[in-house]
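Step one of this worksheet: look at the structure below.
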Amino acid sequence: MATTPTTPISAAAPAAAAPAATAPLGRFATWRYVLNTANLPEGMTRPDPVSKWLVITRAAVFSMTATSGLIGALLAVGAARLTGEVSVNWLFLILAVVGLVVAHAANNMINDYFDLEGGVDTDDYVRALYAPHPILSGWVTKRQLGAAILLANAVDLAIMLYLTAVRGPLVIAFALAGLFISVFYVAPPIRLKHHGLGEPGVFIVWGPLMVVGTFFVATGQIPAWTWVASLPYAILVTSVLFGKHIDKIDADTKKGVRTLPVILGERRARDVARILMISFYPIVIGAVLVGWIGPWIALVLLGLPRLASSLRTFAAPRPESPPHSYVGWPLWFVGAAFVHTRRAGGLLVLGLLLNALLPIRLPW
């Protein structure tokens, strides 16, 4: 159950040195490069099967979904260790996180399929410029991409049916809500992205649906505080989508795709993205102060230097040309938002892990 910012996000950093070939000794380096950039190394035109599908599914952004799942999982483990109000089933938890990542892969492919069908994705549109498009690049046919989408959804259906059998019909509610947003993010007749609803949809999926859904699958319960605890990371993921859509304002305007940045205009959209990134911190610290989450997550404050760097990027318009060795152009803002999200999200997960391993209660 997922929709997604669906973009290669390491565009904020220069490219690493590209492996010269895909010989066995170089393949791990190639896969690492693809996971960092959602692109093939420079000069490589014929990917090996693993690299090919890592690019097609846009595995570079799976970390955001895995992080949402881990947040739900660690909130559950922390609650079990600190208060004893819940108990955790590890098998169900693992299946939930696997299901989320598979759903993310399916969603990325669904977006490419329907954006091509709807005439949005073309050879000169942004999507085909920052990374290979599965179909436009000639890597797969429409039929093959459709088969991959069906396979991924079949895996998720099997996981959903099993978890429903052991946890009850609320699993279906979480899964179908995510599937609805995932499919109709770009699919007709709703096309949420085309009407300024893609960003709210991502917020809902990466927060309440993924985090609270994982907590429920792991424990069978949903304490009221988990809804609030699901919001900070959802805000960060939404800032990444804002960055991507700011990068695409001109192209989306010409296509009639009215994302929120198109509706707001670039300057105001950049301001909103900065507000989103900043707001993550007071919400997390507030959750600590009221005792909903243990104090170890105050480690997120170590992400403030990265926040400052990202805010500086969003404070000015995109440059006319990319810096040397830059990967992912014409994307610009999305890279800065993703790098901040990766840092802040990683620190949040680390803090939650320490809360679970070394639980501390504040004196008040």
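The values are calculated or read from the model by the stated rules, or taken from the named source; none is laboratory data. This structure is a prediction, so every number in the text was calculated from the model and none was measured. So basically every Cβ, Gly included, is an ideal-geometry build from the backbone, and we count neighbours across all protein chains shown. Surface accessibility is based on the protein's heavy atoms, side chains included, excluding ligands, DNA and RNA. Shrake-Rupley method; radii C 1.70, N 1.55, O 1.52, S 1.80 Å.
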Subject >> Residue, nearest to residue 162 (Cα to Cα), within region 98-129, restricted to residues that are open to solvent by 30 Å² or more (accessible area, probe 1.4 Å) and under 17 Å from the mean Cα position of the chain (by Cα) >> reply: 98
**OP:** Consider residue 295 carefully, then state whether it is open to solvent by 20 Å² or more (accessible area, probe 1.4 Å), touching a residue at least 60 places away in the same chain (Cβ under 8 Å), within 24 Å of residue 230 (Cβ to Cβ) and not charged (D, E, K, R).
**Re:** yes
Original post:
Does residue 149 qualify as being out of contact with any Gly (no Cβ under 8 Å at 6 or more places or on another chain), surrounded by 17 or more Cβ atoms within 10 Å (Cβ to Cβ) and free of Cβ contacts under 8 Å to residues at least 40 places away in the same chain?
Top reply: no
Original post:
Does residue 322 satisfy the condition of being on the phi < 0 side of the Ramachandran plot, modelled with pLDDT of 95 or more and either open to solvent by 50 Å² or more (accessible area, probe 1.4 Å) or not in a helix (DSSP H, G or I) (or both)?
Top reply: no
**OP:** Read through the list (1) over 22 Å from residue 239 (Cα atoms); (2) out of contact with any strand residue (DSSP E or B) (no Cβ under 7 Å at 6 or more places or on another chain); (3) touching a residue at least 60 places away in the same chain (Cβ under 8 Å); (4) surrounded by fewer than 19 Cβ atoms within 10 Å (Cβ to Cβ), then give the number of the only condition that residue 355 fails.
**Re:** (4)
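Residues checked against (1) open to solvent by 10 Å² or more (accessible area, probe 1.4 Å); (2) modelled with pLDDT under 90; (3) out of contact with any Asp or Glu (no Cβ under 6 Å at 6 or more places or on another chain); (4) in a loop (DSSP other than H, G, I, E, B):
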site: 4; (1), (2), (3), (4): no, yes, yes, yes
site: 8; (1), (2), (3), (4): no, yes, yes, yes
site: 11; (1), (2), (3), (4): no, yes, yes, no
site: 17; (1), (2), (3), (4): yes, yes, yes, yes
site: 28; (1), (2), (3), (4): yes, yes, yes, no
site: 35; (1), (2), (3), (4): yes, yes, yes, no
site: 44; (1), (2), (3), (4): yes, yes, yes, yes
site: 52; (1), (2), (3), (4): yes, no, yes, no
site: 65; (1), (2), (3), (4): no, no, yes, no
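Any idea which of 132, 169, 188 is out of contact with any Lys or Arg (no Cβ under 8 Å at 6 or more places or on another chain), under 30 Å from residue 264 (Cα atoms), loosely packed, with under 15 Cβ neighbours inside 10 Å and of a type outside the set (Ser, Thr, Tyr)?
Values: 132 fails: loosely packed, with under 15 Cβ neighbours inside 10 Å; 169 fails: under 30 Å from residue 264 (Cα atoms).
Every option except 188 fails the conditions.
Out of curiosity, is residue 164 within 26 Å of residue 259 (Cβ to Cβ), over 18 Å from the mean Cα position of the chain (by Cα), open to solvent by 20 Å² or more (accessible area, probe 1.4 Å) and of a type outside the set (A, V, I, L, M, F, W, C)? Working first, answer last.
On the way: within 26 Å of residue 259 (Cβ to Cβ): no; over 18 Å from the mean Cα position of the chain (by Cα): yes; open to solvent by 20 Å² or more (accessible area, probe 1.4 Å): yes; of a type outside the set (A, V, I, L, M, F, W, C): yes.
So residue 164 fails the test.
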**OP:** Filter region 325-352 down to residues that are farther than 30 Å from residue 77 by Cβ and surrounded by fewer than 19 Cβ atoms within 10 Å (Cβ to Cβ) and give me whichever is modelled with the highest pLDDT.
**Re:** 330
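Would you say residue 78 is small (Gly, Ala, Ser) and either surrounded by fewer than 22 Cβ atoms within 10 Å (Cβ to Cβ) or touching a strand residue (DSSP E or B) at 6+ places or on another chain (Cβ under 7 Å) (or both)?
Working: small (Gly, Ala, Ser): yes; either surrounded by fewer than 22 Cβ atoms within 10 Å (Cβ to Cβ) or touching a strand residue (DSSP E or B) at 6+ places or on another chain (Cβ under 7 Å) (or both): no.
It is false that residue 78 is small (Gly, Ala, Ser) and either surrounded by fewer than 22 Cβ atoms within 10 Å (Cβ to Cβ) or touching a strand residue (DSSP E or B) at 6+ places or on another chain (Cβ under 7 Å) (or both).
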